[in-house]
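Below: the structure, in structure tokens.
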Amino acid sequence: MPVEFKKFVTIRLYGNLNDFLPSSVKQKEQRVGFWGKPAVKDLIESLGVPHVEIFLILVDGLPVNFSFRPAEGSLISCYPKFSSISISSIALRPNFEVPPRFVLDVHLGRLAAYLRFCGFDTLYDKSYTDNNILDIALADGRVILTRDKGILRNGKALYGYFLRNTNPQLQLSEVVEYFDLAAYLEPFSRCSLCNGEVVQVEKSVVENQVPRTTFQIYNDFFQCSSCGQIYWEGPHFNRIAAMISGYSK
């Protein structure tokens with residue numbers, strides 16, 4: 001038996017916020033029913049949209065915050081991150097650092113490695129729980145990257161982005177484009193394993209730490225200052241370098 005609501009508002013989503021809607025209702029106004037006096041955040045998230053991807057809400061043409069309680073019959077317009085105009089005076093969240101620092105959920109290990117290869121400060125651990133991620137993001141001002149809408153709808157989440165793609169390389173492209181990161185690439189400056197800073201070391205330092213053939217073939221070696229992982233410009237390096245070069249401005 002369908003639920004009968006006493007009150008209704010109309011909600012319209014703009015831009016890539018429509019990614020969270022079924023194809024039949026994308027780019028359309030939706031009539032959303034409710035009881036009591038819910039906050040506008042709850043009404044919007046009932047459509048499946050995480051609040052961290054919403055940068056501006058207009059109710060009957062006026063900007064409001066997430067705690068605003070709209071009246072019956074209100075028209076609610078929701079906008080994603082703006083790239084070409086500034087909304088700083090009415091935006092729902094403060095700007096994150098540029099370039100942003102990230103924390104990723106446990107299913108995004110390959111993306112974490114790619115972001116580190118690009119030089120971006122990226123925390124990832126298979127042992128992280130949702131609460132760990134939320135606490136780290138809040139304490140450090142990090143952006144949560146995930147394909148779990150639940151964590152992004154948590155009230156503790158301030159910055160976050162729901163990845164549309166499932167392929168790690170496409171996810172990297174998505175993140176670079178969404179956060180406009182091309183100008184901040186510093187390839188191979190971070191360790192793909194632990195996120196530590198990578199520095200060049202004298203060849204003699206690694207003589208007993210790499211295969212003899214590798215030591216004989218290559219002259220330039222790099223080492224993570226945190227975990228000690230050693231890198232050199234072999235075939236894997238070249239494949240990653242080719243992938244990253246496509247994002248540079």
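None of the figures in this text is laboratory data; all of them are computed from the coordinates on show. Because the structure is a prediction, the values reported are computed rather than measured. Don't worry about glycine lacking a Cβ; one is built from the backbone with ideal geometry, like all the others, and counts go over all protein chains shown.
Highest mean first, the peptides 152-161, 192-201, 233-242 sorted by other C-beta atoms within 10 Å per residue fall in the order 152-161, 192-201, 233-242.
Let me have the relative contact order for the chain, percent, based on Cα pairs under 8 Å that are six or more residues apart.
15 percent
Given (1) 1.09; (2) 1.11; (3) 1.03 as candidate values of Rg/Rh (Cα atoms, Kirkwood Rh), which corresponds to the one derived from the coordinates? Identified label for the calculated read-out: (1).
Counted by Cβ distance under 13 Å from Leu134, the other residues give a net charge of -2, where Lys and Arg count +1 and Asp and Glu count -1.
Its relative contact order, with pairs defined as Cα atoms under 8 Å and 6+ residues apart, puts segment 102-184 at 28 percent.
Add -39500 (n - 2.57) for each DSSP H run of 4 or more in the chain, then divide by its residues: what number comes out at 222 nm, to the nearest 500 deg cm²/dmol?
So the calculated ellipticity at 222 nm is -6500 deg cm²/dmol.
Is the C-alpha gyration tensor of segment 90-176 telling us rounded, prolate or oblate? Criteria: a/c under 1.5 is rounded; beyond that, a/b larger than b/c is prolate, otherwise oblate. Cα axes put segment 90-176 in the rounded bin.
If you bin all the Cα-Cα distances of segment 7-79 at 10 Å, starting from zero, the percentages per bin are 21, 61, 18.
Annotation: the antiparallel percentage among DSSP beta bridges lying fully within the chain is about 60.
Can you figure out the FRET efficiency of Ser226 with Ser24, using R₀ = 35 Å and their beta-carbon distance, to the nearest 0.05? Approximately 0.10, to the nearest 0.05.
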